[in-house]
Amino acid sequence: MEIELAASAGFCFGVKRAVNLAVRAAAEHPGKPIFTLGPIIHNPQVVADLERRGIHRADDPVKILAGVVIIRSHGITRQTLEALETRPEITIIDATCPFVRRAQEIVGQMAAEGYRVIIVGEDNHPEVVGLLSYGGPNRTLAVSSADDLPAELTERGNRRGGDNVALLAQTTQSFDTFRAVANRLLPHKGETRCFNTICDATSQRQNESLAIAGRSDCMIVIGGYASANTTRLEELCRGVLPNTHHIETAADLDPSWYAGARRIGVTAGASTPGWLIEAVMVTLQTGGNSKGKSG
Ligand code: SF4
């Protein structure tokens, strides 16, 4: 039986950087309370590991009295960052992914130059909430599809449609959706500037996983059950190979899934740590069933 692990499985650059910064913060600030604003990552095993190292999750910065605050890879709102910066009792470690930071800077710069800013993304996603905060009030908008665009920006000859528009995307958006929104903006009278802020980490992982699912008899997708990107990865792979299974740890493997399989494919979401992937690989390679053991 052959087992093929996707090279792109697991932590992306931004998540790896954020987790490393958190672990380093615990080592460099012994005895100080350390918090991440929101879960640093959607993986319960990693969150539990960070808890053991004294790194706790806090959802409301106002309730943090003192200590070290780690900003996760999605970034936070400008207002929250500025409020934290006024508090000398708090040390800020900014683990905002540099790709997200670049998108925040584009929003700020374009808004300052008078552009209406359109962000292709989910308006309640923390990254988009952060991006919106860098734009001007009432001049910055998130849309999930071209249908959400205001009519004056899509109708040719609309007299209210002369605004200049800057278009960018949540880093994990699909390129097809971004292009569809850009196309719909073209007829409007003003200038349209498009900034492709999509990060390739997600599409690379999806494309590689789909290719592996296509040549496998069983596909294992590792990641937190609450992780949106892992769930999406499983859905995509299942479309190619119905014998696809989403697991959190090696303990969730069921040997009946791959009994008689000639080839097993393995991939993992962006928030899945290497040690969990390794444990699954070892269990599969030894043909074992780790049910009942901890992952
Ligand atoms: S998916 Fe891309 S933009 Fe998002 S944290 Fe990872 S590397 Fe950064």
If Arg215 satisfies all but one of (1) within 16 Å of the ligand (Cβ to nearest atom); (2) more than 18 Å from Gly269 (Cα to Cα); (3) surrounded by fewer than 16 Cβ atoms within 10 Å (Cβ to Cβ), what's the number of the condition it fails? (1)
Take Ala142 and tell me if it is part of a helix (DSSP H, G or I) and closer than 15 Å to Val165 by Cα. no
Identify, from the list Thr202, Thr267, Thr197, Thr230, the residue that is assigned to a loop (DSSP other than H, G, I, E, B) and under 25 Å from Ala18 (Cβ atoms). Thr197
Within the bounds of the stretch 229-244, is there any residue that is hydrophobic (A, V, I, L, M, F, W, C) and either touching a Lys or Arg at 6+ places or on another chain (Cβ under 6 Å) or under 25 Å from Pro126 (Cα atoms) (or both)? yes
Look through the stretch 190-204, keep the residues that are within 26 Å of Thr154 (Cα to Cα) and near the ligand (Cβ under 9 Å from one of its atoms), and return whichever of them is modelled with the highest pLDDT. Thr197
The stretch 62-115, residues that are within 30 Å of Glu191 (Cβ to Cβ) and hydroxyl-bearing (Ser, Thr, Tyr): Thr77, Thr96, Tyr115
Val181 versus (1) part of a helix (DSSP H, G or I); (2) within 16 Å of the ligand (Cβ to nearest atom); (3) in the same structural domain as Ile119 (by TED's automatic domain parsing); (4) hydrophobic (A, V, I, L, M, F, W, C): which is the lone unmet condition? (2)
Could you pull out every one of the helices (runs of 4 or more DSSP H) wholly within the stretch 1-102 that has 3 or more residues that are in contact with a His (Cβ under 7 Å, 6 or more places away or on another chain)? none
Count of the stretch 160-178 residues which are surrounded by fewer than 18 Cβ atoms within 10 Å (Cβ to Cβ), within 16 Å of the ligand (Cβ to nearest atom) and among the small types (Gly, Ala, Ser): 1
Kindly indicate whether any position in the stretch 147-166 is under 19 Å from Ile76 (Cα atoms) and of a type outside the set (S, T, N, Q). no
Which numbered condition in (1) out of contact with any strand residue (DSSP E or B) (no Cβ under 6 Å at 6 or more places or on another chain); (2) touching a residue at least 60 places away in the same chain (Cβ under 8 Å); (3) farther than 21 Å from Ser227 by Cα is the only one that Arg24 fails? (2)
What are the residue pairs meeting all of these: first residue in the stretch 110-129, first residue outside the structural domain of Thr154 (by TED's automatic domain parsing), second residue surrounded by fewer than 20 Cβ atoms within 10 Å (Cβ to Cβ), Cβ atoms under 9 Å, and 6 or more apart or on different chains? none
Within the stretch 94-108, identify whether any single residue is within 16 Å of the ligand (Cβ to nearest atom) and touching an Asp or Glu at 6+ places or on another chain (Cβ under 7 Å), and answer yes or no. yes
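The values are calculated or read from the model by the stated rules, or taken from the named source; none is laboratory data. Everything quoted here is computed from the prediction, not taken from an experiment. Every residue, glycine as well, gets a Cβ built from its backbone with ideal geometry; the counts of neighbours run over all protein chains shown.
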